[in-house]
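Visitor: Below is one structure. I have some questions about it.
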Amino acid sequence: MRYCKAEELIQLTEGILRRLGVPELDAKVTADSLVQANLEGTDSHGISRLPIYARRLMDQRINKNPDIKIERSGSVIKVDGDNGLGQVVSYRSVQAAIPVAKETGIAGIAVHHSNHNGTAAYYCQHACREEMILIAMTNSPSGMIPHGGRQAYLGTNPIGFGFPVRSGPPVIVDMSSSVAARGKIILAAKEGREIPSGWAVDADGAVTTDPVAALQGGVLPFGGAKGFALATAIEILAGVLSGAGFGPHVQSIYHDRHGAADVGHFFILLNIAHWMPIEAYYDRLDQFIKELKAIPLAKHAEEICYPGERRFRRWQDRRKNGIPLSGDVCMELQKLAKICRVPFSLADEQGGDTRQGETH
């Protein structure tokens, strides 16, 4: 395992994307999103995704400089992402919705013709800085078995919620509707390690711990029928209603096929000040959090953390001590950096631990 500073990885990501023709501001947003995921411990959606993004930019399956079209009708915003990087399309969509929500109290955003957009938490945190609540959804390529079936049809379809807090980290809920995000299985396959039993099935419908077999089969919905129902609702909003692809009509960027992914996103932005005075909201949320954390603890539990607290603590730890990257991920990044002629090197290239301050 090697450890890198966040600034190093941001510089690397921006440099590679700029070399591939991505405009400067778009490269910054994408780099920020990826490294933020690593800082918060969501490594499956972090910089390990950069090599596949780069490959699809190179073969023009992702548009490096999209002409994103944003159309407003009252509180409804419809976005054509022009096959741009998902982080760029999603960030611009939420940005366009903020003044609408400030005016009307609510904005609904339906996005089609986009790509993988990283973590929902990234956009939720952005909205929280504007003292707004965000609900963020996206569909994804077929990877999850419908409850009662044995063939993947739905995406793992994550949903996120962001609620600003007066002091302390925002309340952030970011979860896939499957037992585990498919990105975790992709990362496990890349790193050559097994996945827990109960996450996925192989192509024959048998439970497997082999991530490669799982990727050929499908991920299981969390809670059985409940996760399946949630994924279905997200698929209808982010896929059907947005005009994007849905089910198997969403293409995976990991498959060497032609054509755009056509991922869909759906966001609901709420301006708190239109629903109640902002200070009243903070007072009530402070009371809610205080009461929640005061609940008697279960045996062996040390504390009750509200959603988003542990994420913030990981961010603090990794800002200080560095982001851990596996040898396989480091090797991919170094190879990509060499192809793009972007400076990037790691001490101890043969393995072992390289702590913050020892890289470069």
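Visitor: Of everything in region 98-119 that's within 28 Å of residue 276 (Cβ to Cβ) and of a type in the set (Val, Ile, Thr), which residue is surrounded by the fewest Cβ atoms within 10 Å (Cβ to Cβ)?
Guide: Looking at the filtered set, the residue picked out is 104.
Visitor: Can you give me the number of residues within region 319-331 that are in contact with a strand residue (DSSP E or B) (Cβ under 8 Å, 6 or more places away or on another chain) and open to solvent by 20 Å² or more (accessible area, probe 1.4 Å)?
Guide: The total comes to 3.
Visitor: Considering every residue within region 232-245, establish whether at least one is over 27 Å from residue 132 (Cα atoms) and surrounded by 15 or more Cβ atoms within 10 Å (Cβ to Cβ).
Guide: yes
Visitor: Just to be sure before I move on: is residue 91 open to solvent by 20 Å² or more (accessible area, probe 1.4 Å), under 13 Å from the mean Cα position of the chain (by Cα) and of a type outside the set (A, V, I, L, M) in the structure I sent?
Guide: Criteria met by residue 91.
Visitor: Another one. Hey, could you check region 21-45 for residues that are free of Cβ contacts under 8 Å to residues at least 60 places away in the same chain and part of a loop (DSSP other than H, G, I, E, B) and say which is nearest to residue 342 (Cα to Cα)?
Guide: This residue is 21.
Visitor: Another question, if that's okay. Between a first residue in region 49-65 that is under 12 Å from residue 85 (Cα atoms) and part of a loop (DSSP other than H, G, I, E, B) and a second residue that is basic (Lys, Arg) and modelled with pLDDT of 95 or more, which pairs have beta carbons less than 6 Å apart while being 6 or more apart in sequence or on different chains?
Guide: Within 6 Å, the pairs are 62/56.
Results for (1) closer than 14 Å to residue 113 by Cβ; (2) in contact with a Pro (Cβ under 8 Å, 6 or more places away or on another chain), shown as yes or no for each residue.
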site	(1), (2)
238	yes, no
245	yes, no
261	yes, yes
273	no, no
290	no, no
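Visitor: Also, I was wondering about something else. Tell me, please, whether a residue that is closer than 23 Å to residue 138 by Cα, at pLDDT below 95, open to solvent by less than 60 Å² (accessible area, probe 1.4 Å) and not in a strand (DSSP E or B) can be found in region 188-206.
Guide: The answer is yes; a qualifying residue exists.
Visitor: Here's something else I'd like to know. Looking at region 266-282, which of its residues are touching a Lys or Arg at 6+ places or on another chain (Cβ under 9 Å) and exposed (fewer than 13 other Cβ atoms within 10 Å of the Cβ)?
Guide: 276, 279
Visitor: Let me ask something else. If you go through region 234-252, how many residues are assigned to a loop (DSSP other than H, G, I, E, B) and either of a type in the set (A, V, I, L, M, F, W, C) or in contact with a Cys (Cβ under 7 Å, 6 or more places away or on another chain) (or both)?
Guide: Residues meeting the conditions: 3.
Visitor: Check off (1) closer than 20 Å to residue 168 by Cβ; (2) touching a Leu at 6+ places or on another chain (Cβ under 9 Å); (3) among the aliphatic types (A, V, I, L, M) for residue 272 and give me the number that stays unchecked.
Guide: With respect to (1) closer than 20 Å to residue 168 by Cβ; (2) touching a Leu at 6+ places or on another chain (Cβ under 9 Å); (3) among the aliphatic types (A, V, I, L, M), residue 272 is out only on (2).
Visitor: Out of 158, 146, which single residue is surrounded by fewer than 24 Cβ atoms within 10 Å (Cβ to Cβ) and not charged (D, E, K, R)?
Guide: Testing whether each residue is surrounded by fewer than 24 Cβ atoms within 10 Å (Cβ to Cβ) and not charged (D, E, K, R) leaves just 146.
Visitor: I'm trying to understand the selection: among the residues of region 120-143, which are of a type in the set (S, T, N, Q) and either within 20 Å of residue 270 (Cβ to Cβ) or without any contact (Cβ under 8 Å) to a residue 24 or more places away in the chain (or both)?
Guide: Within region 120-143, 125, 138 qualify.
Visitor: Turning to a different aspect of this structure: Looking at 88, 79 in this structure, which one is assigned to a helix (DSSP H, G or I) and out of contact with any Gly (no Cβ under 6 Å at 6 or more places or on another chain)?
Guide: 88
Visitor: If I filter region 161-187 down to residues being among the charged types (D, E, K, R) and at pLDDT 90 or above, which single residue comes out as most open to solvent (accessible area, probe 1.4 Å)?
Guide: The residue in question is 166.
Visitor: While we're here: Take residue 41 and tell me if it is surrounded by fewer than 18 Cβ atoms within 10 Å (Cβ to Cβ), within 17 Å of the chain's Cα centre (by Cα) and either among the charged types (D, E, K, R) or on the phi > 0 side of the Ramachandran plot (or both).
Guide: When the stated conditions are applied, residue 41 passes them.
Visitor: Of all residues in region 291-315, count the ones that are assigned to a helix (DSSP H, G or I), open to solvent by less than 90 Å² (accessible area, probe 1.4 Å) and under 21 Å from residue 44 (Cβ atoms).
Guide: Adding up the residues that qualify gives 4.
The values are calculated or read from the model by the stated rules, or taken from the named source; none is laboratory data. Just so it is clear, the structure is predicted and the values come from calculations on it, not from any experiment. Glycine also receives a Cβ, built like all others from the backbone with ideal geometry; neighbour counts cover every protein chain displayed. Ligands, DNA and RNA are stripped out before the accessible areas are found, and what is left, the full protein with its side chains, is counted by its heavy atoms. Shrake-Rupley method; radii C 1.70, N 1.55, O 1.52, S 1.80 Å.
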